[in-house]
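Right, one structure below, let's go through it.
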Amino acid sequence: MVLNRRVEKTFNVFKDAFLKVCGGRVLRLFHSQELMAVVVGNQDYNWIEWENNAEYKNGYNKDDETIKMFWEVFHEFNIDDKKEFLLFLTGSDRVPIMGMKAIKVNFIQPTLDDNFLPVAHTCFNLLDLPKYKSKGKLKYKLTQAIHQTQGFSLV
């Protein structure tokens, strides 16, 4: 009870602001778990489902060597790097309420020159992935690209 009293004022400020933005009758339609899913997002990062939902264009297909290397590198990433890639590609590191199948990554081959970094077009979930000749170079360039982004930034 002491802890509740200590944060009561701060909590009330938060609650009042939250209700101004998200309040009203519609809020009463949600159970606590549903509201948490809306506010926090879905926590089921089903990466295999996401890979199976990918599309390949402009010179790529699912059997292309660069694409195979990409998915090997991606699945070797830890969860934080995978979420950073999701942020890089979509502008958000959250899973949509409908799950990973709601995010369709589109791969295109912009150039054969493997000196370029991958480029993401967040509005279209489009990844310009140069045709890298080695898994090591792909991993290096991809890691460089995803760690130098801040989401919804200009190229």
| query | Taking the stretch 127-155 only, how many residues are polar (S, T, N, Q) and modelled with pLDDT under 95? | reply | 4
| Selection count, the stretch 14-39, where residues are surrounded by 10 or more Cβ atoms within 10 Å (Cβ to Cβ) and either aliphatic (A, V, I, L, M) or under 28 Å from Lys83 (Cβ atoms) (or both) | 13
| remark: Contact list, first residue from the stretch 53-81 and under 23 Å from Met98 (Cα atoms), second anywhere and loosely packed, with under 14 Cβ neighbours inside 10 Å and not acidic (Asp, Glu), beta-carbon distance below 8 Å, six or more apart or interchain, is Asn53/Lys101; Asn53/Lys104; Ala54/Lys62; Ala54/Lys104; Glu55/Lys104; Tyr56/Lys62
| field | Residue satisfying condition, being touching a strand residue (DSSP E or B) at 6+ places or on another chain (Cβ under 8 Å) and more than 18 Å from Thr66 (Cβ to Cβ), within set Ile97, Ile79, Ile108 | value | Ile97
| query | Which of (1) over 30 Å from Val39 (Cβ atoms); (2) among the aromatic types (Phe, Trp, Tyr); (3) without any contact (Cβ under 8 Å) to a residue 40 or more places away in the chain does Phe124 not meet, given it meets every other one? | reply | (1)
| query | Can you name the residue in the stretch 71-126 that is among the basic types (Lys, Arg) and at pLDDT 90 or above and, of all such residues, is nearest to Thr143 (Cα to Cα)? | reply | Lys82
| message | Quick check on the stretch 11-46: of everything there that is modelled with pLDDT of 80 or more and touching a helix residue (DSSP H, G or I) at 6+ places or on another chain (Cβ under 8 Å), which residue is farthest from Lys101 (Cα to Cα)? | response | Leu19
| message | If I filter the stretch 113-122 down to residues being over 12 Å from the mean Cα position of the chain (by Cα) and either basic (Lys, Arg) or outside any strand (DSSP E or B) (or both), which single residue comes out as nearest to Arg94 (Cα to Cα)? | response | Pro118
| task | Name the one entry in Glu8, Glu51 that is closer than 21 Å to Leu142 by Cβ, at pLDDT 85 or above and part of a helix (DSSP H, G or I). | result | Glu51
| message | exposed (fewer than 13 other Cβ atoms within 10 Å of the Cβ) and over 30 Å from Val21 (Cβ atoms): which single residue out of Asp113, Asp128, Asp44, Asp80 fits that description? | response | Asp113
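The values are calculated or read from the model by the stated rules, or taken from the named source; none is laboratory data. From a predicted model like this one, the values you see are computed outputs, not experimental measurements. Cβ atoms come from the backbone with ideal geometry, glycine included; neighbour counts cover every protein chain shown.
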